[in-house]
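Data first, discussion second: the structure below is written as structure tokens.
No value in this document is a laboratory result; all are computed from the given coordinates. The shown structure was predicted, so the numbers you read here are calculated from the model rather than taken from an experiment. All Cβ positions, even for glycine, are placed from backbone atoms using ideal geometry, and neighbour counts span all protein chains on display.
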2 protein chains.
Amino acid sequence: VQSARQAQRLCILAEGAFEPESAKTGTGVIRYGHRAVVAVIDSEHAGQDITSIIGAGGGIPIVPDINAAFEYQPDALLIGIAPRGGRLPEEWRWQLRAAIAHGLAIINGLHVLLRDDPELVALARQHDVELWDVRVPSPDEAVATWAAHRPGSHTILFVGSDCSVGKMTAALELDRAAGDRGWSSAFVATGQTGIIIAGGGVPLDRVIGDFMPGAVERQVLAATASHDWVWVEGQGALGHPAYSPVTLALVHGARPDTMILVHKADRRFIRGYDLPVPPLPELIRMYEAAASWTAPARVSAVALNTFGSDEAEAHRLIGAARAATGLPADDPVRFGPERILDAVAAAVRTSGAVPQ
Amino acid sequence: VQSARQAQRLCILAEGAFEPESAKTGTGVIRYGHRAVVAVIDSEHAGQDITSIIGAGGGIPIVPDINAAFEYQPDALLIGIAPRGGRLPEEWRWQLRAAIAHGLAIINGLHVLLRDDPELVALARQHDVELWDVRVPSPDEAVATWAAHRPGSHTILFVGSDCSVGKMTAALELDRAAGDRGWSSAFVATGQTGIIIAGGGVPLDRVIGDFMPGAVERQVLAATASHDWVWVEGQGALGHPAYSPVTLALVHGARPDTMILVHKADRRFIRGYDLPVPPLPELIRMYEAAASWTAPARVSAVALNTFGSDEAEAHRLIGAARAATGLPADDPVRFGPERILDAVAAAVRTSGAVPQ
């Protein structure tokens, strides 16, 4: 069987949509994935320089269709964009059929499940390839046990001011920086893009309410058993009218030793709602209060997403975040994650845990 | 078709388990349901006086099996106990088969679903009766819209110190008392017992995390559109390591105008966890903080469950709760819901909403 989880040479299907905003999953996999991306499929951008589009991925060709991708010898096709409503566009079907017939596994992060598609299931069986529906949670659900983590391990949860502010990216940057220092480090994915990048995790937005903290706990217990620094991808925000329960499931299920607050500097309102984003000090109070209800944890740094501002403005915004919160703050993508990593290490040391 | 939701004469299957603790659903339906309970099936308690067992239900016969129940002309059989693990005990099957063959609809609150049972499904089709799996949520899920409620309506959410402290019972008592005053009052059920009693609601513990606040919102918007006083059944507790997300889904999804804190006076630790229950003033701060993240609401009364204490001790405990919180407090089951209803009405009036 051609495995999807173990595939090493991905091509990314992003037909008509390979742009930073709409190709969030593809961009994340290119930037942070451990597997090679050998081609991107998008007839509208075919032949263009990928770096000029997403600012990363130098050398990866953009090709017009799946047939053109085969020459780069992929072993899996990743559906790399999330169309409106999460459905599978009909005009893509032939490319999926061709990929399967060519022996490629399929990695699907859409809400629509390939396993419910009789034609593709039959074709995959015939060609002995795996269809991986990333958003299907593990069936063996359990309520949280509130178990303590391995002593000496450190769990860091990313919490945010809203959805789509950069929590996953910040977590991936910190995981990579910790690994670069030679620390034993792991990233715990809780959303479909993170799961595709990491090759595993929990699709928390598809888990039944009663089992959300338990699902997070299981991932974190496994990661802390084998790693010293565990960076947990956050979801939503405590002040989000629809997703706050998912966020609280992470705060209580992950039992973090410390938290990093992620905020997009120009986000004024909860996206899609007539609700203002609270000031940073208020957000910190909210998360520390929620943690204290089961196990106290402090916010130890602010990761500010300054995308869209020029560099001088970015420095000003970061300085303002430091002044408002009294905490170390930086943009870990733009200026590197080192300052935040130092802050987290110091916070963990202060709180009495064993430093690495 | 014999409808389960519209059945008017229930018999309750509680074989070997008709006791206050294990027959929580049956007891709730007998105490608060709008439908007649014509018989209880439990061979171990057959012939005994029901009032001596659960303190309610005077005149309802306890019979040894389903055949004996038929003489009281039930139109539905309610599976009235929740066995360990939620499974359907094999020794009950013949009674379910007999009930269906006799034309009774089945109301099932267990985790195991009758619709997954080919034998019972076929039998139900043959005899044209409905099998109602209460724990199956509505399939048309949606995220919360954070819509305002009808002006002049009042939404009251019951929040608690832990699971199983009396939130549903308090809500049912208040709904009944408001109705007795001639107010336009509705109870919004969020758990399987409440749903069976009310004939509808949302089984919140089976809803996917992303959709929990939306599912609550839909129920509350429907209730407030047609009723002035809407009492929302609470679930879990904000300090519960496994169920806190479900609780937050209610705090944010219900958008309450005010909250009633429910506590069992002798509950010292979160059941099943090594976590102390916070003092009442701390619980009030927790819930008011969580509400303030999206829409501020105060706790306006304490419903203290004094079950297990003698009357003098109950008065002492209620006085202590009043002193500790500065709020009206009472045991609405033991001493009636009037004081709490007055407190809620006063709170709603003070907050500027239209009094009834």
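Given a 10 angstrom Cα cut-off, can you work out which residue in A:Asn108, A:Asn67, A:Asn305 is the most mobile in a GNM of chain A?
A:Asn67
So what is the calculated 222 nm ellipticity per residue for chain B, using -39500 (n - 2.57) for each DSSP H run with n of 4 or more, over all residues, to the nearest 500 deg cm²/dmol? Can you show the working numbers first?
Values: 12 runs with 124 residues, N = 356.
Here the helix-only value at 222 nm equals -10500 deg cm²/dmol.
Compactness ratio of the range A:164-247: Cα Rg over 2.2 N^0.38 Å, N = residue count?
1.08
For the range A:7-133, compute Rh as the Kirkwood radius over C-alpha pairs and then the Stokes-Einstein diffusion coefficient at 37 °C and 0.692 mPa s; write the answer in µm²/s, rounded to an integer.
229
In chain A, which residue puts its Cβ closest to the axis that turns chain A onto chain B, and how many whole Å away is it?
That would be A:Pro245, 2, residue then distance in Å.
Over the protein assembly as shown, what is the percentage of antiparallel beta bridges among all DSSP beta bridges, to the nearest 5?
Of those bridges, close to 5 percent are antiparallel.
Bin by bin, in steps of 5 Å, what percent of the Cα pairs in the range A:119-182 do you find, going until the bin that has the longest distance?
Pair shares across the bins are 3, 10, 10, 12, 16, 18, 11, 10, 8, 1.
By how many nm would the segment from A:Ala142 to A:Asp65 lengthen if fully extended, with 0.36 nm per residue of separation less the alpha-carbon distance?
Gain on extension, A:Ala142 to A:Asp65, equals 23.5 nm.
What full-extension length gain, to one decimal in nm, is calculated for B:Tyr273 and B:Glu313 as 0.36 nm per residue of separation minus the Cα-Cα distance?
Value of the extension gain: 11.7 nm.
In the Gaussian network model of chain B, springs joining C-alpha atoms below 10 Å, which of B:Leu88, B:Leu275, B:Leu77 carries the largest mean-square fluctuation?
B:Leu275
Just want the answer: with Cβ charges of +1 for Lys and Arg and -1 for Asp and Glu, which residue in B:Ala177, B:Pro139, B:Ala124 is farthest toward the dipole's positive end in the protein assembly as shown?
With unit charges placed on the Cβ atoms, the residue in question is B:Ala177.
Given labels modelled 7 Å from the Cα in the Cβ direction, how far is it in nm from A:Val112 to B:Arg97?
4.4
Say R0 is 45 Å: what FRET efficiency, to the nearest 0.05, do B:Val121 and A:Thr350 get from their beta-carbon distance? Write out the running numbers ahead of the final one.
Numbers: r = 60 Å, r/R0 = 1.34.
Rounded to the nearest 0.05, the efficiency is 0.15.
At B:Val1, label 7 Å along Cα→Cβ: distances to the other copies, nm, ascending?
3.9
Calculate the dipole size of chain A relative to its Cα centre from +1 charges on Lys and Arg beta carbons and -1 charges on Asp and Glu beta carbons; express the result in debye to the nearest 20.
Dipole magnitude for chain A comes out near 820 debye.
Could you work out how far helix B:280-292 tilts from the main Cα principal axis of chain B, as a 0 to 90 degree angle to the nearest 10?
The angle comes out at about 90 degrees.
Taking each residue of B:234-241 in turn, how many C-beta atoms of other protein chains fall within 10 Å of its C-beta, and what is the average?
Details: counts 0, 2, 2, 1, 6, 5, 7, 14.
Partner-chain Cβ atoms within 10 Å, mean over residues of B:234-241: 5.
Put +1 on the Cβ of every Lys and Arg and -1 on every Asp and Glu Cβ in the protein assembly as shown; which of B:Ala297, A:Ile54, B:Phe187 then has its Cα farthest towards the positive end of the dipole?
Projecting each Cα onto the dipole axis, the largest value belongs to B:Ala297.
Output needed: percent of Cα pairs per 5 Å distance bin for the range B:122-265, bins running from 0 to the one holding the longest distance.
Taking all Cα pairs of the range B:122-265, the binned fractions are 2, 11, 19, 23, 20, 13, 6, 4, 3, 1, 0 percent.
Can you pull the semi-axes for the protein assembly as shown, root of five times each eigenvalue of the Cα gyration tensor, sorted largest first, whole Å? Present the calculation step by step, with values, prior to reporting the outcome.
Details: eigenvalues 459, 218, 94 Å².
In descending order, the three semi-axes are 48, 33, 22 Å.
Could you check the spin-label model distance between B:Arg150 and B:Glu282? Points 7 Å from the Cα along Cα→Cβ, value in nm.
Between B:Arg150 and B:Glu282, the label points sit 4.1 nm apart.
Starting from a Cα-only point model with no solvent, please compute log10 I(q)/I(0) by Debye for chain B at q = 0.08, 0.09, 0.13, 0.14 1/Å.
-0.39, -0.50, -1.03, -1.17
Report, in cubic angstrom per residue, the convex hull volume of the C-alpha atoms of the range A:1-48.
Output value, Cα hull per residue: 85 Å³.
Give the range of the longest stretch in chain A that excludes all GluC sites (Glu not before Pro) found in loop regions by DSSP and having at most 16 other beta-carbon atoms within 10 Å.
Excluding the exposed sites themselves, the longest stretch runs over A:142-356.
Can you tell me which of B:Ala198, B:Ala142, B:Ala39 moves the most in a GNM of chain B? Springs connect C-alpha atoms under 10 Å apart.
Highest fluctuation of the listed residues: B:Ala142.
Starting from the Kirkwood Rh over alpha-carbon pairs, what translational D in µm² s⁻¹ does the range B:56-190 have by Stokes-Einstein at 10 °C and 1.306 mPa s?
87
Give the shape of the range A:215-350 as rounded, prolate or oblate, defined through the alpha-carbon gyration tensor: a ≥ b ≥ c are the square roots of its eigenvalues, a/c under 1.5 means rounded, and otherwise the shape is prolate if a/b is larger than b/c and oblate if not.
On the way: a/c = 1.80, a/b = 1.23, b/c = 1.46.
Verdict is oblate for the range A:215-350.
About its Cα centre, what dipole magnitude does the range B:235-353 give when the only charges are +1 on Lys and Arg Cβ and -1 on Asp and Glu Cβ, stated in debye to the nearest 20?
Charge dipole of the range B:235-353: 240 debye, to the nearest 20.
Taking Cα pairs under 8 Å and at least six residues apart, what relative contact order does the range B:82-210 come out at, in percent?
Averaging sequence separation for qualifying contacts and normalising by length gives 20 percent for the range B:82-210.
Which log10 I(q)/I(0) values does the range B:275-356 give at q = 0.13, 0.16, 0.26 Å⁻¹ under the Debye formula, counting every alpha carbon as one identical point scatterer?
With one equal scatterer per Cα and no solvent, log10 I(q)/I(0) is -0.47, -0.69, -1.28.
I want to verify the translational diffusion coefficient of the range B:206-290 in µm²/s; compute it with Stokes-Einstein, Rh as the Kirkwood radius over Cα pairs, at 10 °C and 1.306 mPa s. List each step's numbers first, then the result.
Numbers: Rh = 14.0 Å.
Estimated via Stokes-Einstein, D reaches 114 µm²/s.
Just to confirm the number: angle between the C-alpha axis of helix A:311-325 and the first principal axis of chain A, 0 to 90 degrees, nearest 10?
Roughly 40 degrees between the two axes.
log10 I(q)/I(0), Debye, Cα-only the range B:3-82, no solvent, q = 0.12, 0.13 Å⁻¹?
Once normalised to I(0) and log-transformed, intensities are -0.26, -0.31.
Nearest 10 degrees is fine. How inclined is helix B:118-127 to the longest principal axis of chain B, computing both from alpha carbons?
Between helix and principal axis, roughly 80 degrees.
Assume the label is 7 Å from Cα along Cα to beta carbon: what separations in nm does A:Pro151 have to the matching positions in the other copies?
Copy-to-copy label distances at A:Pro151, shortest first: 6.2 nm.
Identify, among B:Ala242, B:His227, B:Pro213, the residue whose Cα sits farthest towards the positive end of the charge dipole of the range B:208-279, taking +1 on the Cβ of Lys and Arg and -1 on the Cβ of Asp and Glu, with the dipole about the Cα centre.
The listed residue farthest towards the positive side: B:Ala242.
Within the range B:97-138, which residues have the backbone N less than 16 Å from the label spot 7 Å out from B:Val1 along Cα→beta-carbon, could you tell me?
It comes to B:103-108, B:114-116, B:121-134, B:136, B:138, nothing else.
Once you charge only the Cβ atoms, +1 for Lys and Arg and -1 for Asp and Glu, what is the size of the charge dipole of the range A:61-122 about its Cα centre, to the nearest 20 debye?
Dipole about the Cα centre, nearest 20: 180 debye.
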